[in-house]
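Engineer: Quick one: the structure is below, and I'll ask about it shortly.
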Amino acid sequence: MKQYKVKITSSGATFTVNEGETVLTAALRQGVMLPYSCKNGTCGSCKGHLESGDVHYPFHPPLALTRAEIAAGAALLCQAEPTEDLVIQAREIAAIRDIQVRKMPVRVIDKTLLANDVMRLKLKLPAAQRLQFLAGQYLEILLPDGKRRAFSIASPPQMEDEIELHVRHVEGGDFTGWVFDELELRNILRIEAPLGTFFVRHDSPDRPMIFMGGGTGFAPLKSMLEDLLSHQDKRPLHLFWGVRSQSELYLYETARQWAEQHEHIRFSTALSEPADGDNDDTFHGFVHQAVLQQYPDLSGFDIYMSGPPAMIDASRAAFIEHNADRQRIFFDSFEFGLDVPVRVLAKPH
């Protein structure tokens, strides 16, 4: 099998990519931890720059790259397959290097309807196994037909023998429909975890944090916030949660209690489609607009956001215009992926 050599200029790390393999897949396989989220080319988390060499995209054009960016040498490493040896600029993440990605069976021990279209699943880990992960990471459920469905872990790492997921029912979504209508308690699922590079950074402990979630993008933020509380982290933190209507704030009381019980935490909501009778204290509009209303200058903040790609893209652009440091914006972008072969995986919620 033909192989290509890849070198990362910042660290000097090298690895090989098999013919027909993406740069990201090969890097992760060999312990080179590059940032990623959606794995389907829509979020841009894995964007790097080609210093030399060339790549191609065998399944579809890279949605998160413009033609100008491609011409300038940018590449989406989750989709790019080398056609020759490469030298690239890319960020490496050390914090997850020693965390083992594992496959294991889990048992469904709870199904609770949190809202009309959100189901909480609790999954029991095998008695002899524990799952080490960083708050904010996600798992993939392995399906019998070879497909996968990915969900952020909503519980903190301190819950050693259980995992919590928030599953939103999507019209036409076969898997989410099956979860709502057919999945039974005590059913066994197979998972692969942990995955993703969305987690709280601790290299700047004096910087206040903004957490911003859209819909079930609340799930990884819940895990991150509960983990911070368990470690008595007192950095100022403002949680923003954006949904269409008030009924979709499926764990509103939980978030409100965090703010009431801890002086360093604030909680705000935003409704994009408010109705008569909705809470007058909430912001009416998109959630990133609610952030900017309260923080017109974002130069001093670490920003963590999770939700649909459209929300992430609009928010990043707006926040950078308001002085946010693009290196201190961390995000998890998820949505149903394109209909592509299994080895190009989406991260739907």
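Table: residues versus (1) acidic (Asp, Glu); (2) modelled with pLDDT under 95; (3) in a strand (DSSP E or B).
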site	(1), (2), (3)
GLN100	no, yes, no
PRO105	no, no, yes
ASP110	yes, no, yes
LEU113	no, no, yes
ARG120	no, no, yes
ALA127	no, yes, no
PHE133	no, yes, no
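Engineer: Report yes if some residue within region 41-52 is more than 30 Å from PRO220 (Cα to Cα) and among the aliphatic types (A, V, I, L, M); otherwise report no.
Structural biologist: Residues of region 41-52 that are more than 30 Å from PRO220 (Cα to Cα), as a first pass: 50-52.
Now narrow it down to the ones that are among the aliphatic types (A, V, I, L, M): 50.
Checked against the condition, which is being more than 30 Å from PRO220 (Cα to Cα) and among the aliphatic types (A, V, I, L, M), region 41-52 yields at least one hit.
Engineer: Also: Give the residues of region 228-270 that are surrounded by fewer than 14 Cβ atoms within 10 Å (Cβ to Cβ) and farther than 25 Å from PRO308 by Cα, sorted by residue number.
Structural biologist: Matches in region 228-270: SER230, HIS231, GLN232, LYS234, GLN257, GLU260, GLN261, GLU263.
Engineer: Turning to a different aspect of this structure: For a quick check of your reading: which helices (runs of 4 or more DSSP H) sit entirely within region 242-337 and have at least 1 residues that are more than 19 Å from the chain's Cα centre (by Cα) and within 18 Å of PRO220 (Cβ to Cβ)?
Structural biologist: Numbers: elements: 252-261, 287-294, 309-321.
Output list reads 252-261, 287-294.
Engineer: For the condition in a loop (DSSP other than H, G, I, E, B) and touching a Pro at 6+ places or on another chain (Cβ under 7 Å), what is the one hit in ARG201, ARG235, ARG190, ARG207?
Structural biologist: Values: ARG201 fails: touching a Pro at 6+ places or on another chain (Cβ under 7 Å); ARG190 fails: in a loop (DSSP other than H, G, I, E, B); ARG207 fails: touching a Pro at 6+ places or on another chain (Cβ under 7 Å).
When all the criteria are applied, what remains is ARG235.
Engineer: Which of the residues spanning region 53-91 are assigned to a strand (DSSP E or B) and over 15 Å from GLU19 (Cβ atoms)? I'd like the intermediate steps shown before the answer.
Structural biologist: Within region 53-91, the first condition is being assigned to a strand (DSSP E or B), and the residues that meet it are 55-56, 74-76, 81-82, 86-89.
Residues satisfying the conditions are ALA74, ALA75, LEU76, VAL87, ILE88, GLN89.
Engineer: From the list GLY48, GLY31, GLY73, which one is under 26 Å from the mean Cα position of the chain (by Cα), at pLDDT 90 or above and surrounded by fewer than 20 Cβ atoms within 10 Å (Cβ to Cβ)?
Structural biologist: On the way: GLY48 fails: surrounded by fewer than 20 Cβ atoms within 10 Å (Cβ to Cβ); GLY31 fails: at pLDDT 90 or above.
Just one listed residue meets the conditions, GLY73.
Engineer: Something else now. Mind counting the residues in region 28-55 that are within 14 Å of THR14 (Cβ to Cβ), among the polar types (S, T, N, Q) and touching a Gly at 6+ places or on another chain (Cβ under 8 Å)? Working first, answer last.
Structural biologist: Of the residues in region 28-55, the ones within 14 Å of THR14 (Cβ to Cβ) are 29-32, 34, 51-53.
Retained after the next criterion (residues that are among the polar types (S, T, N, Q)): 30, 52.
So of that shortlist, the ones also touching a Gly at 6+ places or on another chain (Cβ under 8 Å) come out as none.
The number of residues fulfilling the criteria is 0.
Engineer: Shifting gears a bit: Can you tell me which residues in region 111-130 are under 15 Å from GLU184 (Cβ atoms), of a type outside the set (A, V, I, L, M, F, W, C) and loosely packed, with under 13 Cβ neighbours inside 10 Å? If you could, list the steps in order and put the result at the bottom.
Structural biologist: Residues of region 111-130 that are under 15 Å from GLU184 (Cβ atoms), as a first pass: 111-113, 119, 121-124.
Now restrict to residues that are of a type outside the set (A, V, I, L, M, F, W, C): 111-112, 122, 124.
Within region 111-130, just THR112 meets the criteria.
Engineer: Sort out which residues of region 51-69 are of a type in the set (Val, Ile, Thr) and at pLDDT below 90, and write them in order of number.
Structural biologist: If the condition is that a residue be of a type in the set (Val, Ile, Thr) and at pLDDT below 90, then THR66 is the only one that fits.
Engineer: Would you check if GLY213 is surrounded by 17 or more Cβ atoms within 10 Å (Cβ to Cβ), at positive phi and not assigned by TED's automatic domain parsing to the domain that holds SER45? Write out each step before concluding.
Structural biologist: On the way: surrounded by 17 or more Cβ atoms within 10 Å (Cβ to Cβ): yes; at positive phi: no; not assigned by TED's automatic domain parsing to the domain that holds SER45: yes.
Here the answer is no, as GLY213 does not meet what is asked.
Quick grid of which residues meet (1) in the same structural domain as ARG149 (by TED's automatic domain parsing); (2) without any contact (Cβ under 8 Å) to a residue 24 or more places away in the chain:
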site: PRO61; (1), (2): no, yes
site: LEU77; (1), (2): no, no
site: PRO82; (1), (2): no, no
site: ILE96; (1), (2): no, no
site: LYS111; (1), (2): yes, no
site: ALA115; (1), (2): yes, no
site: VAL118; (1), (2): yes, no
site: LEU125; (1), (2): yes, no
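Engineer: If you don't mind, another one. Might you let me know whether region 277-288 holds any residue that is under 20 Å from SER45 (Cβ atoms) and either surrounded by 18 or more Cβ atoms within 10 Å (Cβ to Cβ) or hydrophobic (A, V, I, L, M, F, W, C) (or both)?
Structural biologist: Going through region 277-288, the residues under 20 Å from SER45 (Cβ atoms) turn out to be 287-288.
In the following step, the residues that additionally are either surrounded by 18 or more Cβ atoms within 10 Å (Cβ to Cβ) or hydrophobic (A, V, I, L, M, F, W, C) (or both) were identified as 287-288.
Checking region 277-288: at least one residue is under 20 Å from SER45 (Cβ atoms) and either surrounded by 18 or more Cβ atoms within 10 Å (Cβ to Cβ) or hydrophobic (A, V, I, L, M, F, W, C) (or both).
Engineer: In region 104-150, which residues are touching a Ser or Thr at 6+ places or on another chain (Cβ under 7 Å) and hydroxyl-bearing (Ser, Thr, Tyr)?
Structural biologist: TYR138
The values are calculated or read from the model by the stated rules, or taken from the named source; none is laboratory data. These numbers were taken from a predicted model, which means no experiment stands behind them. Because the Cβ atoms are built from the backbone with ideal geometry, glycine has one as well, and the counts that use them run over all protein chains shown.
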